[in-house]
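Asks: Have a look at this one before I ask anything.
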């Protein structure tokens, strides 16, 4: 039997919760926590070869992919090297969850078009400031994400030993 005092959500909110629940940074949140982000969400359409943001830009938003493919690249001298391709149900711009951070990669649309949900950094910080539990859950997910990236980096380093020195990371 359903609790008559529990909050009910619209069909579109329920659909958004299902979508958000697939995304690493929202996976630990309950519906009543996810709802806090919905008013801050902006839907944007992008076209092929459009840059979402450049490396070294201020991290002003988190991007959630509703459709399309996005290449995350790093620039090495005059070339762009793809580090990851992001698809539906994934997020990028994750360092916008941190304060005063800059982009570490460039995000480029590689499909004919892409639909993204944009959540501004200031709105994320407002939710974090008013709800430390949400912040703790999302920061745990962010730490896991960065840990997985470190494991991939170190595995890649071991497989290509000698091309660069890990000590350079800390200089």
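Asks: Going by Cα centres, the range 1-78 and the range 92-122 are how many Å apart?
Replies: After rounding, the separation between the Cα centres reads 10 Å.
Asks: Relative to the longest principal axis of the C-alpha atoms of the chain, give the angle of the C-alpha long axis of helix 132-159, reported between 0 and 90° and rounded to the nearest 10°.
Replies: Taking the Cα atoms of the chain, the angle to 132-159 is about 30 degrees.
Asks: Something else about it: Is it possible to state the helix-based mean residue ellipticity at 222 nm for the chain, with each DSSP H run of 4+ residues giving -39500 (n - 2.57), the sum divided by total residues, to the nearest 500 deg cm²/dmol? What is it?
Replies: -10000 deg cm²/dmol
Asks: Right, something else. Mind sorting 112, 69, 57 by how few other Cβ atoms lie within 10 Å of their own Cβ, fewest first?
Replies: The order, fewest Cβ neighbours first, is 112, 57, 69.
Asks: Continuing with this model, one more query. For the chain, what does the relative contact order come out to in percent, with C-alpha contacts under 8 Å and a separation of six or more?
Replies: 27 percent
Asks: Got a sec? How would 156, 111 order by Cβ neighbour count within 10 Å, fewest to most?
Replies: 156, 111
Asks: Extending each Cα 7 Å along its Cβ direction at residue 84 and residue 30, get the distance between those two points in nm, one decimal.
Replies: Distance between label points: 2.9 nm.
Asks: Sorted from fewest to most neighbouring beta carbons within 10 Å, what does the list 43, 121 look like?
Replies: Going from least to most buried by this count: 43, 121.
Asks: When a/c reaches 1.5 or more, the comparison of a/b and b/c decides; with that in mind, is the range 44-124 rounded, prolate or oblate per its Cα gyration tensor?
Replies: Oblate, since a/c reaches 1.5 and b/c is not below a/b.
Asks: Could you list the residues of the range 76-118 with an amide nitrogen less than 15 Å from a label point located 7 Å from the Cα of residue 49 in the Cα-to-C-beta direction?
Replies: Counting backbone N atoms under 15 Å from the label point, the list is 108-113.
Asks: What spacing in nm lies between the two simple spin-label points modelled at residue 154 and residue 112, each 7 Å away from Cα in the Cβ direction?
Replies: With each label placed 7 Å out from Cα toward Cβ, I get 4.4 nm.
Asks: Let me ask another. Return the FRET efficiency for the residue pair residue 102, residue 13: r is the Cβ-Cβ distance, R0 is 30 Å, and the value is rounded to the nearest 0.05.
Replies: 0.35
All of the numbers you see were taken from the coordinates with simple rules; none came from a lab. This one's a predicted model, so the numbers in the text were calculated from it and none came from an experiment. We place every Cβ from the backbone using ideal geometry, glycine too, and count neighbours over all the protein chains shown.
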